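Reading through the structure tokens given below for one structure.
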Amino acid sequence: MLSQSKFPQFIAFLNAAIFSGAQIAFVVLYPILSHNLAIPMPLLLTGFGVGSFLFLFSSPFWARKSDQLGREKVLQIGLTALLLSFSLIALLVYFAPSNLSLTISIFLISRILYGLVASAIAPVCQALQVDMDDERTKAMLLHSQALSLGRVLSLLLLLLFHEQYKLILIVYVLIILAAIFLTRKLTLPSIQYKIDASKVLSFSKELVAIYPVFIIAFLFACYIEGLNSTLSVSIQSIFQVTAHESSEFVSKVLLFVCFGILLVQVIARRIKKISQALGLSGGIFFLALGTYFLFQSRSQIEFWISLFFLTIGIGILPPMYLSVLQKDKEQQNYGTKAGLIGSAHTLGYSLGILLAALLIRFQINIGTTLLILVFLMGVFSFGLVFRKSKQFVWSLYGK
């Protein structure tokens, strides 16, 4: 049995894992959904892209509402939307209408619902972890672990039962239902995470207060999406393999990286005291090292070594810059801040896809471009450390 003090953390962890698992499941199922629903792949990807893009506006809105109304209420709303969105997709897969227009309409409704309301889940789970843990860095590591674990378990489930994907969709629906039931129990009077609405700042004031973190989050998301979107092309160029072989190789790389990130975050959280300055600089260093060696590699051994460095950097950096959002012992407006960072990620992912398309179209050096993004992250991380030196404790010894 979980203690009352641990139950909110468990709920936040569980829902974050479910959310990230559901996200990556659809990425793997793109070709199958396009074929079975007779929706052209460009239109399918556009529908998923629209749902994700809506996070840019809806994520801060719901995160702000969680500051005003309380985390558990907004979390239940987000989970209900995720359930309805997933159920609509499952219904289409099981009972594909003969009318293509109807199929496309239901599909788009599910994605818009996902983008407008289910966007509440991730930032509220993040805020809830901070509410329940005085050590903000470890709180963010736990939240990142949940996201990583959700991706790993989802990928494993899909790899093991790829032919039974219809059944997997039903399993997801049941898991989300269970999460809603458990979240309804998150009404403990002793948990003080509801914020006085009169003290909630405007979005513009919050953005000014956290703009270095916003920019780092944007650059990081742009880097990740640029890397992911060009990985198949890079592998084909490095190893001279076919598109099919490259696609299969990428799926293995994705699982390796997700599992590695989870392992890095588990180890990092066991460290007694983690310096944010050291974590930020270490994350940038390993990201740069991995990017350089990735595009210099000419053998699979060199390639996997570069992924090892990248995994450390990707695993460390996000929880470090996210932990800066909360001042020591302060919990005011954290939901709003988390929502704004969610928007930065969304904007970065959107522009990262565009960046990848431009790099491939005009044959611009991918490795150099990604290293420039890492360099910019390093510049703003240094500025963040310098800017906050009088408000936070930034010694390399974690004092």
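Every read-out reported here was derived from the displayed coordinates using simple, explicitly stated rules and does not represent laboratory data. Everything numeric here is computed off the predicted structure, so don't read it as measured data. Quick reminder, even Gly has a Cβ in these numbers, built from the backbone with ideal geometry, and neighbours come from all protein chains shown.
Assuming charge only on the beta carbon of Lys and Arg (+1) and of Asp and Glu (-1), the dipole of the stretch 7-185 about its Cα centre is about 200 debye to the nearest 20. Residues whose amide H comes within less than 5 Å of that of residue 70, counting only those at least five positions distant or on another chain, are 195 (H built at 1.01 Å from N in the peptide plane).
Please work out whether the stretch 252-306 counts as rounded, prolate or oblate from its C-alpha gyration tensor, where a ≥ b ≥ c are the square roots of the eigenvalues and a/c under 1.5 means rounded, while otherwise a/b larger than b/c means prolate and anything else oblate?
Since a/c reaches 1.5 but b/c is at least a/b, the shape of the stretch 252-306 is classed as oblate.
Given in Å, the Rg to one decimal and the Dmax to the nearest whole number for the Cα atoms of the stretch 7-185 are 16.2, 55. Estimate the FRET efficiency between residue 382 and residue 240 by the formula 1/(1 + (r/R0)^6), using the beta-carbon distance for r and 41 Å for R0, to the nearest 0.05. Plugging the Cβ-Cβ distance into 1/(1 + (r/R0)^6) gives 0.55. Footprinting exposure proxy ranking of 6, 138, 337, fewest other C-beta atoms within 10 angstrom first, gives 6, 138, 337. Here the gap between residue 360 and residue 211, fully extended at 0.36 nm per residue and compared with their Cα-Cα distance, gives a gain of 50.6 nm.
Only sites in a loop by DSSP and with at most 14 other Cβ atoms within 10 Å count here; which trypsin sites (Lys or Arg not before Pro) in the stretch 258-312 make the cut?
Answer in residue order: 272, 273, 298.
Projecting label points 7 angstrom from Cα along Cα→Cβ for residue 30 and residue 159 puts them 1.9 nm apart. Taking 0.36 nm per residue of sequence separation and removing the Cα-Cα distance, the residue 351/residue 368 pair yields an extension gain of 4.4 nm. Around the amide H of residue 324, modelled in the peptide plane, lies no amide H under 5 Å away from a residue 5 or more places distant or on another chain.
Counting beta carbons within 10 Å around each of 83, 174, 227 and listing the fewest first gives the order 174, 83, 227.
Each label was represented as a point 7 Å from its Cα along the Cα-to-Cβ direction; for residue 96 and residue 57 these points are 3.3 nm apart.
Taking 28 Å as the cut-off for C-alpha to C-alpha distance, list the pairs among 6/166; 138/185; 65/252; 65/138; 73/337; 6/73 that go past it.
6/166; 65/252, as the Cα separations exceed 28 Å there.
Here the 3J(HN,Hα) profile of the stretch 51-60, calculated from phi with Karplus coefficients 6.51, -1.76 and 1.60 at θ = phi - 60°, is x, 6, 5, 5, 4, 3, 9, 7, 4, x Hz, Gly and Pro shown as x. Other residues with beta-carbon under 14 Å from the beta-carbon of residue 314 carry, at +1 per Lys or Arg and -1 per Asp or Glu, a net charge of 0. Taking Cβ atoms as reference points and 15 Å as the exclusive limit, the residues near residue 79 contribute a net charge of +4, counting Lys and Arg as +1 and Asp and Glu as -1.
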